[in-house]
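The structure appears right after this line, and notes come after that.
The values are calculated or read from the model by the stated rules, or taken from the named source; none is laboratory data. Please read these numbers as outputs of a predicted model, since none were measured by experiment. Counting neighbours? That spans all protein chains shown, and the Cβs are built from the backbone with ideal geometry, glycine included. Please note that ligands, DNA and RNA were not included when accessible areas were found on the heavy atoms of the full protein model with its side chains. Shrake-Rupley method; radii C 1.70, N 1.55, O 1.52, S 1.80 Å.
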Amino acid sequence: MGNQVEKLTHLSYKEVPTADPTGVDRDDGPRIGVSYIFSSDDEDVEPQPPPQGSNGGSLPDGGDGPPLPQPQPYDPRLHEVECSVFYRDECIYQKSFAPGSAALSTYTPENLLNKCKPGDLVEFVSQAQYPHWAVYVGNFQVVHLHRLEVSNSFLTDASQGRRGRVVNDLYRYKPLSPSAVVRNALAHVGAKERELSWRNSECFAAWCRYGKREFKIGGELRIGKQPYRLQIQLSAQRSHTLEFQSLEDLIMEKRRNDQIGRAAVLQELAMHLHPAEPDEGDSNLARTTPPPGRPPVPSSEEEDGEAVAH
């Protein structure tokens, strides 16, 4: 069947059906959706630095022996997944590393301040961490969803030392006015836990800028055909597409891909997915189906440690 629900299956990740995060569905009817997979790691957990040797290099786990090489500087082209998001036939999000594109360049928090204007969306990135989104509200400050609470922080503090960039152009929705974006963000400062309507920092920041209910928890009814497609670019001529019934679910999978990194995503696709023959006339698009007979495993874990009911 051409419109089967498509799911990823991983050996090292739990598969969770779409449902209310409290475990109680609020819809009267069934909630049918593609299952999303995520890490139980909190996006806001600060990594502990490895022990340092006398010459400044990192030591192995035991602390003895020659120092390990210094980590390489963060390079979006090496660590991030190039992808596009479609709602039916409309492209609503695109992260591209096309030649000449500088939109994904990253900056230190201090330099980033010089590029921010009130109402801008800011993304902080680091290898092996979930990207963290915030709304710049002026006066060197951002509003962001951080550890189950909407907080107003200085940009340099919110970055936790990570590099950042302005990401106003990733989503292609029409933005609200800068003053409306700032009002949306400031109006929710102090909201926490069950008062929250967003599953992660990206959904909150994007909702502030675009005002679309699709970014909220339960903002869309998950029933019927999956209208959202996440197209992952594997190479210049080949891509893989996943289908989702809500933007919320798709964002969770996209963020998980960013957290585990490009190399791990490509390895998972190679190891755990069985490619099907491309549709006629669509030779550059790889679609896959999961192995049969593997049901989802329910779990109460949530991505980023941020997902709550509203």
Note to self: Give me the count of lysine pairs in segment 76-273 whose alpha carbons sit under 19 angstrom apart, restricted to pairs 8 or more positions apart or on different chains.
What the structure shows: 8
Next item on the list: Please state the charge dipole magnitude for segment 76-273, taken about the Cα centre, from unit charges on C-beta atoms (+1 on K and R, -1 on D and E), reported in debye and rounded to the nearest 20.
Entry: 200
Notebook entry, point to check: Accessible surface of residue 169 in the full protein assembly, 1.4 angstrom probe, to the nearest 10 Å²?
Noted result: 130
Note to self: Could you work out the relative contact order of segment 76-273? I mean the mean sequence separation of Cα pairs under 8 Å and 6+ apart, divided by the number of residues, in percent.
What the structure shows: 25
Item checked: Among 141, 178, 97 - extreme Cα towards positive end, dipole of segment 76-273, charges at beta-carbon -> 178
Next item on the list: Any chance you could look up the accessible area of residue 271 with a 1.4 Å probe, heavy atoms only, rounded to 10 Å²?
Entry: 120
Notebook entry, point to check: Rounded to a whole number, what % of the accessible area of segment 76-273 do carbon and sulfur atoms account for, probe 1.4 Å?
Noted result: 48
Checklist line | Potential lengthening between residue 113 and residue 271 on full extension [0.36 nm per residue; Cα-Cα distance subtracted] | finding: 52.7 nm
Notebook entry, point to check: Mind listing the phi-derived Karplus ³J(HN,Hα) values for segment 199-209, rounded to whole Hz, using 6.51, -1.76 and 1.60 with θ = phi - 60°, and x for any glycine or proline?
Noted result: 7, 7, 5, 5, 4, 5, 5, 5, 4, 4, 7
Notebook entry, point to check: Where does segment 79-144 land on the Kirkwood hydrodynamic radius, alpha-carbon pairs, in angstrom?
Noted result: 13.8
Next item on the list: Return one whole number: the accessible area per residue of segment 116-159 in Å², for a 1.4 Å probe.
Entry: 34
Check: Just in segment 95-195: which trypsin sites (Lys or Arg not before Pro) are loop by DSSP and have at most 11 other Cβ atoms within 10 Å?
Finding: none
Notebook entry, point to check: Given the protein chains as shown and a 1.4 Å probe, how many square angstrom of residue 223 are accessible, to the nearest 10?
Noted result: 90
Notebook entry, point to check: Where only protein heavy atoms count, and the probe is 1.4 Å, what is the accessible area per residue for segment 205-248 in Å²?
Noted result: 37
Notebook entry, point to check: How would you classify segment 156-227 from its alpha-carbon gyration tensor, with a ≥ b ≥ c the square roots of the eigenvalues: rounded for a/c under 1.5, else prolate if a/b is greater than b/c, otherwise oblate?
Noted result: prolate
